[in-house]
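Okay, structure first, notes after.
Computed from the coordinates by the stated procedures, all read-outs in this text should not be read as laboratory data. These numbers were taken from a predicted model, which means no experiment stands behind them. Ideal geometry is used to build each Cβ from the backbone, glycine not excepted, and the neighbour counts take in all protein chains shown.
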There are 2 protein chains.
Amino acid sequence: MKEIQGGICAANGFSAGAVHSGIRKSRTKEDLALIVSSSPCDCAAVYTRNQVKADPLLVTKQHLADHRAQAIIVNSGNANACARNGHAHAVRACQAAAAHLGLDPQDVLVASTGVIGVELPIDRIEAAIPSIQLSKENNDLCARAILTTDTKEKVVAVTFTIDQTTCTLGGIAKGSGMIHPNMGTMLAFLTTDCAIDAQLLQTLLVRQTQVTFNRVSVDGDTSTNDMCIVMANGEAHNPKIVTEGEQSAVFEEALHYVMEALAKMIAADGEGAGRLMTCTVTNAADEHTAETLAMSICSSSLVKAAMFGADANWGRVLCAMGYSGAAFDPSTVSVRFASQVGVITVCEQGKGLVFDETLAKEILSQDAVEIIADLHQGTAQASCWGCDLTYDYVKINGDYRT
Amino acid sequence: MKEIQGGICAANGFSAGAVHSGIRKSRTKEDLALIVSSSPCDCAAVYTRNQVKADPLLVTKQHLADHRAQAIIVNSGNANACARNGHAHAVRACQAAAAHLGLDPQDVLVASTGVIGVELPIDRIEAAIPSIQLSKENNDLCARAILTTDTKEKVVAVTFTIDQTTCTLGGIAKGSGMIHPNMGTMLAFLTTDCAIDAQLLQTLLVRQTQVTFNRVSVDGDTSTNDMCIVMANGEAHNPKIVTEGEQSAVFEEALHYVMEALAKMIAADGEGAGRLMTCTVTNAADEHTAETLAMSICSSSLVKAAMFGADANWGRVLCAMGYSGAAFDPSTVSVRFASQVGVITVCEQGKGLVFDETLAKEILSQDAVEIIADLHQGTAQASCWGCDLTYDYVKINGDYRT
């Protein structure tokens, strides 16, 4: 497996385009993107578990009843959730894209992200779609068009070999606010030229979502619009993968790599984030326990605020583990803080150690920091990703709509 | 029932005192408080459900095995949680208070609040206890001594009549950070001269905790040290209440009043809080559903940040309801914002209305605001209390230890 450039346009047969349709006021930022395959794709998707589901998500789900699609139309600036005429507008977006591409509307998927509760200006979207020009060079434009309060494009692609055939898998994502497990946890679009059966693709996607996107927490809020879609057009011409085995394992490794990379980019670029915070629980009795404890640390406002201040306040780490609901013995826990600068142990057997505060501060002042809780109770481990809680998170969210 | 002054010293037979023992550096703030009854009390208590429990809590639990006690020693500035010699130090605090008061150490309860993981300076506590002077006038001093990052004392007391006898119930509390359900949710001490059986008192305390303290959320973090203790010395000389009935209902009403008042004071004075936020869910199928939805709204970082900005971003309210885990139909929900300035409806039947943004801003700019979600699905309702998420929360918690 090798990392390459090109994101969602890296795989054979995929192209993309984006324009400014006028949903956003700023004319310097594209707000409408189109991702297209030159041939029909086997598709898989995961969606938010929020009971309040945005209409584009429901329309996409309908259109994927046959596990086939060929294009995705995405807008930012408006979530089309809890909004008037939401369903009709999501359908019209698919119809307009289908007309532009000469496809059946049933083969177009739709996603939206932005403010909740405001009617989607579908006229602007319909007017803008015919002007979207598709190209293999447009990945970055497309990756930017789907962002909201994100500050960076999130792009990754890899090549891998299936039965001596080189295949490619790439993806883009948007994250930022309302980021907390329970599904795609944001918008992510993945494209591959690997030939793989849609049902198998779905199994692998669900499994990898659990250990990548569902292990990210920015603010504990699970959005109404989260989804992750994978499109596989088979244009690498490998023998189609239809069952789990050696070949699917190679594909799944690539899928894991791309999804984990996007998940970490989302965490690092959480709303107002100053640092990427990785929370790792090691030597747990089982992986579920490790994951539950790591997510609880990662989601604690007090831990996140301490990371903002580069404050080695490990008591909050133990406290967050304690209310996670997972069973563990606090009296055997060690806590370490780590970054590129070094590692420091601050707690052993559940009790505080005297430690070098200056070194701890330096370790925690880096762009990427890790909190490691070692349970000494088994051999399982899990890592989750989040970010610090900053003044800017409050600022961005104190006045998001205006 | 009538509200009166005097807090924990209001009831017959209770007195209190507080001193600066040196746990905190600032000599202008007392950090050690003692609450004493002139006769043995029937007692009840609830504790944090955090698996990581502070040692003073465990010692208090042991001392309450017989449901009897006569004094409480409390320090702020150090939680004595995950700290070396924690159990021994909590026992020594009880022993020192018992020696000063001429009591059995088993009849002294102990509580601590402050930073986790630092060894308690028990020598200073032992040295300071003999200098604590008890008086009926010391409620406010005592209420201040138990505060950490709280900005205001939390005090309330009421009188009520049991069998023509006037009884008194008063309480003090500390809240601020790490405030989220699952028990006393903070430190609260209640005293009454009403004669009431300890087992019945425990039943009423558990029931009222669920609808008062457990409906407060400041930051989603459940502390290691939370507890709420009620002491009843019977010095009002009413016929002792031993079973549920008319008299226990009068007592429970007073208990509810005192606990709800303290709960709201804790929410309003949450770390960095600018406003008290009441989240009310009405016309739900049952109270549990209403409570789950209201707590989810109240705990959402995005809702809390919107309240900081006085931004009528009701989509986040629906979003938080959607991921609460409670079953409801989003398509029948109305959302209103209210305060002393007025009420505005911003969403009906799950869809956004066009509304007067200027009026909404004015309504949400008050010190106390209410978010009302009307489900139109039944007759049950519940209110929860929280506060906005502010720059100051991040500031306080970015560098709490130093």
Self-check item: the stretch A:2-268: relative contact order in percent, alpha carbon pairs under 8 Å with at least 6 residues between
Solution: 26 percent
Self-check item: Degrees, to the nearest 10: B:287-299 long Cα axis against longest axis of chain B
Solution: 90 degrees
Self-check item: Count of Lys pairs (Cα-Cα under 22 Å; at least 8 positions apart or interchain) in the stretch B:2-268
Solution: 21
Quiz prompt | Alpha-carbon centroid distance for the pair the stretch A:62-119 / the stretch B:42-112, whole angstrom | solution = 60 Å
Self-check item: Modelled FRET efficiency - R0 35 Å, B:Thr332 with B:Gln210, Cβ distances, 0.05 increments
Solution: 0.85
Quiz item: What percent antiparallel are the DSSP beta bridges of chain A, to the nearest 5?
Solution: 70 percent
Self-check item: Other copies of B:Lys25: label-to-label distances in nm, shortest first, labels 7 Å along the beta-carbon direction
Solution: 4.6
Quiz item: Using a label position 7 Å from Cα in the Cα→Cβ direction, what is the ascending list of nm distances from B:Pro121 to the same site in the other copies?
Solution: 6.2
Quiz item: Can you give me the Cα centroid spacing of the stretch B:330-402 and the stretch A:356-389 in angstrom?
Solution: 35 Å
Quiz item: What distance in nm separates the simple spin-label points at B:Lys136 and B:Lys240, each placed 7 Å from Cα in the Cβ direction?
Solution: 2.5 nm
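Neighbour counts of other C-beta atoms within 10 Å: give me A:Val341, A:Val19 arranged from fewest to most. Display every interim value, and only then the final one.
Details: A:Val341 14, A:Val19 19.
Result, fewest neighbours first: A:Val341, A:Val19.
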Quiz prompt | Those Cys residues of chain A for which no other cysteine Cβ falls under 4.7 Å | solution = A:Cys9, A:Cys41, A:Cys43, A:Cys82, A:Cys94, A:Cys142, A:Cys228, A:Cys319, A:Cys347, A:Cys387
Quiz prompt | Net lengthening on full extension, B:Thr358/B:Thr165 (0.36 nm per residue, minus Cα-Cα) | solution = 64.2 nm
Quiz item: Computed FRET efficiency, Cβ-Cβ of B:Gln349 and A:Gln95, R0 35 Å: what is it to the nearest 0.05?
Solution: 0.85
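Kirkwood Rh over Cα pairs of the protein assembly as shown into Stokes-Einstein at 10 °C, 1.306 mPa s: D in µm²/s?
Details: Rh = 27.9 Å.
Rounded, D is 57 µm²/s.
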Exercise. Once you have the Cα-Cα distance between A:His256 and A:Lys25, take 0.36 nm times their residue separation minus that, and quote the gain in nm to one decimal.
Key: 79.5 nm
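Cut-off is 10 Å between beta-carbons; in what order do A:Ile241, B:Ile363 appear when sorted fewest neighbours first?
Numbers: A:Ile241 27, B:Ile363 22.
Ascending number of Cβ neighbours within 10 Å: B:Ile363, A:Ile241.
State which stretch of chain A is the longest one without any exposed trypsin sites (Lys or Arg not before Pro), exposure meaning a DSSP loop state and at most 11 other Cβ atoms within 10 Å. Present the calculation step by step, with values, prior to reporting the outcome.
Values: sites that count: A:Lys25, A:Arg27.
The longest such stretch corresponds to A:28-402.
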Self-check item: Local electrostatic count, A:Tyr47, Cβ distance below 15 Å [Lys/Arg +1, Asp/Glu -1]
Solution: +1
Quiz item: Taking Cα centroids, how far is the stretch A:282-306 from the stretch A:227-249 in Å?
Solution: 33 Å
Exercise. In nm, give the distance between the simple-model label positions of B:Asp367 and B:Arg68, each being 7 Å from the Cα along the Cα-to-Cβ direction.
Key: 4.5 nm
Practice problem: Find every distance from the label point of B:Thr151 to the corresponding label point in the other copies (7 Å from Cα along Cα→Cβ) and write them in nm, one decimal, shortest first. | Solution: 2.8
Quiz item: For the residue pair A:Gln340 and B:Leu58, what label-to-label distance in nm results when each label sits 7 Å from Cα along the Cα-to-beta-carbon direction?
Solution: 4.2 nm
Practice problem: Please work out which residue of chain B brings its Cβ closest to the axis of the rotation superposing B onto A, and round that distance to whole Å. | Solution: B:Tyr391, 3
Quiz item: Fewest to most neighbouring Cβ within 10 Å: what's the order for A:Thr148, B:Thr151, B:Thr243, B:Thr28?
Solution: B:Thr28, B:Thr243, B:Thr151, A:Thr148
